[in-house]
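To start, the structure under review is shown below, and the notes come after it.
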């Protein structure tokens with residue numbers, strides 16, 4: 001597609017439920033990132049994929065959070081046993097392949113519009 | 001660890017006014033520095049970047065200079081337009097990793 005697409009744009013769930021958030025990166029971008037943005041804060045890094053593998057998942061806050069990218073394109077962020085503190089905007093971004101201009105080492109990311117998660 | 005501190009908002013200006021949004025950083029080594037912008041209803045997009053000391057990034061009339069001695073990367077524009085109304089984020093990337101560390105963002109509103 002033309003840009004990074006995230007679905008759903010809004011998700012309201014109850015405490016304890018399971019949630020999946022989907023990201024469809026720009027076609028041909030091999031690097032994919034998830035960030036979380038709480039109200040009044042800047043985005044915070046969660047996880048980075050290069051291809052199908054998670055190259056850096058150091059930002060995932062705990063083991064309730066998991067992300068996959070099985071075919072190296074679409075990624076799903078999965079949150080188990082949601083808590084009220086998980087309420088935030090979840091941002092996905094992609095970038096060009098490593099070694100190319102605009103690749104992951106350059107910091108030039110293309111962001112989606114985000115999925116707003118509200119846990120009641 | 002790495003951190004970015006940017007000017008608290010909101011900032012409200014009249015059209016054609018001069019804009020400065022301050023940004024300072026803490027990082028080990030030699031980070032790259034960025035300004036990202038988020039227009040209403042859109043995702044964050046890269047506005048400009050600088051990768052080494054004394055570099056000046058520029059785009060759409062905005063400029064920022066990488067000042068290592070003051071660990072700063074202040075965003076400036078000589079004459080803002082209503083269409084510049086957005087949230088501006090200062091960010092850094094450490095030398096060898098892929099993470100961006102963002103500031104909290106500054107909301108800019110430009111009135112006609």
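The values are calculated or read from the model by the stated rules, or taken from the named source; none is laboratory data. This is a predicted model, so every value here is computed, not measured. Reconstructed Cβ throughout: ideal geometry from the backbone, glycine too, with neighbour counts over all protein chains shown.
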Could you please let me know if residue A:27 is within 11 Å of another protein chain (Cβ to nearest Cβ) and either in contact (Cβ under 8 Å) with a residue 24 or more places away in the chain or buried (at least 20 other Cβ atoms within 10 Å of the Cβ) (or both)?
no
State whether the residues of segment A:97-116 include one that is part of a strand (DSSP E or B) and either touching a helix residue (DSSP H, G or I) at 6+ places or on another chain (Cβ under 7 Å) or more than 13 Å from chain B (Cβ to nearest Cβ) (or both). no
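A quick yes/no check of all residues on (1) more than 8 Å from chain A (Cβ to nearest Cβ); (2) touching a residue at least 40 places away in the same chain (Cβ under 8 Å):
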site: B:39; (1), (2): yes, yes
site: B:61; (1), (2): yes, no
site: B:68; (1), (2): yes, no
site: B:74; (1), (2): yes, yes
site: B:77; (1), (2): yes, yes
site: B:83; (1), (2): yes, no
site: B:91; (1), (2): no, yes
Taking segment B:97-112 and keeping residues outside any strand (DSSP E or B) and either under 16 Å from the mean Cα position of the chain (by Cα) or at the interface with chain A (Cβ under 8 Å from one of its Cβ atoms) (or both) leaves B:97, B:98, B:99, B:100, B:103, B:104, B:105
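Listed residues A:91, A:117; which is within 12 Å of the chain's Cα centre (by Cα) and modelled with pLDDT of 95 or more? Write out each step before concluding.
Details: A:117 fails: within 12 Å of the chain's Cα centre (by Cα).
That would be A:91, the only listed residue that is within 12 Å of the chain's Cα centre (by Cα) and modelled with pLDDT of 95 or more.
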Within segment B:6-37, the residues that are surrounded by fewer than 16 Cβ atoms within 10 Å (Cβ to Cβ) and within 12 Å of chain A (Cβ to nearest Cβ) are B:8, B:9, B:10
Of the listed residues (A:46, A:60), the one being under 15 Å from the mean Cα position of the chain (by Cα), within 13 Å of another protein chain (Cβ to nearest Cβ), modelled with pLDDT of 95 or more and in a loop (DSSP other than H, G, I, E, B) is A:60
Across segment B:43-96, the tally of residues that are farther than 15 Å from residue B:28 by Cα and not in a loop (DSSP other than H, G, I, E, B) stands at 25
